[in-house]
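> Once you've had a glance at the structure underneath, I'll fire off some questions.
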Amino acid sequence: MRAGLDELRIHVTGEHSWRALELAKEADLTVAIENPVLPGSDDFLKNLVMKAIKLGIRFINLNELEFSETNYESLIMRGYKPSPKYGVAAEGSKETAINLLKWVAKEGLNISVHFCPALYKDKYQFRKRMWRRGLRTKQFYEELSDGVIKWAEIRECQGEDKYSKLLHSGLAVLRDGKLLVSPYIARKLECKGYIIEAYPTTPRKELNRYPLK
């Protein structure tokens, strides 16, 4: 809290999660639940809502189950399928969430339940998250645009003294034998190399590279 944390969302996977929620409620925080919606998990979700109400949880955020590079094989092995309409989402997840929302409304339960579709997360939330991360982690030779980091990797220059001038001026850095500089500066040099585009993760996740012109 001293660091500025004012909200905590916990993914409920078992009794230890409920104990964590009870402890969190003792602090001066907005405490909520955030879970992915597994297709066909209607009974689990209804039980989740009822226990949340009993504990005094303010709201529940439900995320459409998503396929990613890291979980694709695992989800397929568990019998889940990508949606034919929007492949990043799991088939049946949205329908399960909507059924729960209708049930909460029909029962008149005193709790806020939100549903976040994968399409919304992919188009808006993910980009904003990457933008904020980029602002925090951007190096002096990197440029940030729409949640994507860009930098130039110089391989060869006409007049090698350009290397030392850039380094001594603090406009570039030498890493693994490669001179890294901002794309803006790189385009003004008579050099060969690449413009790199990447997500601002640690380490950077490269997306594209194209020749410097």
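The values are calculated or read from the model by the stated rules, or taken from the named source; none is laboratory data. Every value quoted in this text rests on a predicted model; they were computed, and no experiment measured them. FYI the Cβ positions are ideal-geometry reconstructions off the backbone, even for glycines, and counts take in every protein chain you see.
> Report, by residue number, each residue of region 1-22 that is among the acidic types (Asp, Glu) and touching a residue at least 24 places away in the same chain (Cβ under 8 Å).
The answer is Asp6, Glu7, Glu22.
> Residue by residue through region 47-68, note down the ones that are in contact with a strand residue (DSSP E or B) (Cβ under 9 Å, 6 or more places away or on another chain) and surrounded by fewer than 13 Cβ atoms within 10 Å (Cβ to Cβ).
Gly56
> Just one of the numbered conditions (1) touching a strand residue (DSSP E or B) at 6+ places or on another chain (Cβ under 9 Å); (2) outside the structural domain of Ala20 (by TED's automatic domain parsing); (3) closer than 25 Å to Ala24 by Cβ is not true of Arg129; which one?
Unmet condition: (1).
> Out of Ser41, Ser68, Ser93, I need the residue that is out of contact with any Lys or Arg (no Cβ under 7 Å at 6 or more places or on another chain), at pLDDT 95 or above and hydroxyl-bearing (Ser, Thr, Tyr). Which one?
Among Ser41, Ser68, Ser93, only Ser41 is out of contact with any Lys or Arg (no Cβ under 7 Å at 6 or more places or on another chain), at pLDDT 95 or above and hydroxyl-bearing (Ser, Thr, Tyr).
> Let me ask you something else. Taking Pro203, is it within 30 Å of the chain's Cα centre (by Cα) and surrounded by 13 or more Cβ atoms within 10 Å (Cβ to Cβ)?
no
> Please go through region 112-142 and give me each residue that is of a type in the set (Ser, Thr, Tyr) and either modelled with pLDDT of 85 or more or buried (at least 17 other Cβ atoms within 10 Å of the Cβ) (or both), ordered by number.
Those that are of a type in the set (Ser, Thr, Tyr) and either modelled with pLDDT of 85 or more or buried (at least 17 other Cβ atoms within 10 Å of the Cβ) (or both): Ser112, Thr137, Tyr141.
> Grab the strands (runs of 3 or more DSSP E) fully contained in region 23-142, keeping just those with 2 or more residues being at negative phi and free of Cβ contacts under 8 Å to residues at least 40 places away in the same chain.
30-37
> Any chance region 182-198 includes a residue that's among the polar types (S, T, N, Q), assigned to a strand (DSSP E or B) and within 16 Å of Gly134 (Cβ to Cβ)?
Looking for residues that are among the polar types (S, T, N, Q), assigned to a strand (DSSP E or B) and within 16 Å of Gly134 (Cβ to Cβ), one finds none in region 182-198, hence no.
> Out of (1) of a type outside the set (S, T, N, Q); (2) part of a strand (DSSP E or B); (3) surrounded by fewer than 12 Cβ atoms within 10 Å (Cβ to Cβ), what's the single condition that is false for Gly4?
With respect to (1) of a type outside the set (S, T, N, Q); (2) part of a strand (DSSP E or B); (3) surrounded by fewer than 12 Cβ atoms within 10 Å (Cβ to Cβ), Gly4 is out only on (2).
> I'd like to know if region 151-164 contains one or more residues that are at pLDDT 85 or above, out of contact with any Gly (no Cβ under 7 Å at 6 or more places or on another chain) and closer than 18 Å to Leu212 by Cβ.
yes
> On the given criteria, is Lys85 among the charged types (D, E, K, R), over 19 Å from the mean Cα position of the chain (by Cα) and at pLDDT below 95?
yes
> So, in region 66-121, exactly how many residues are of a type in the set (S, T, N, Q) and in contact with a Pro (Cβ under 6 Å, 6 or more places away or on another chain)?
Result for region 66-121: 2.
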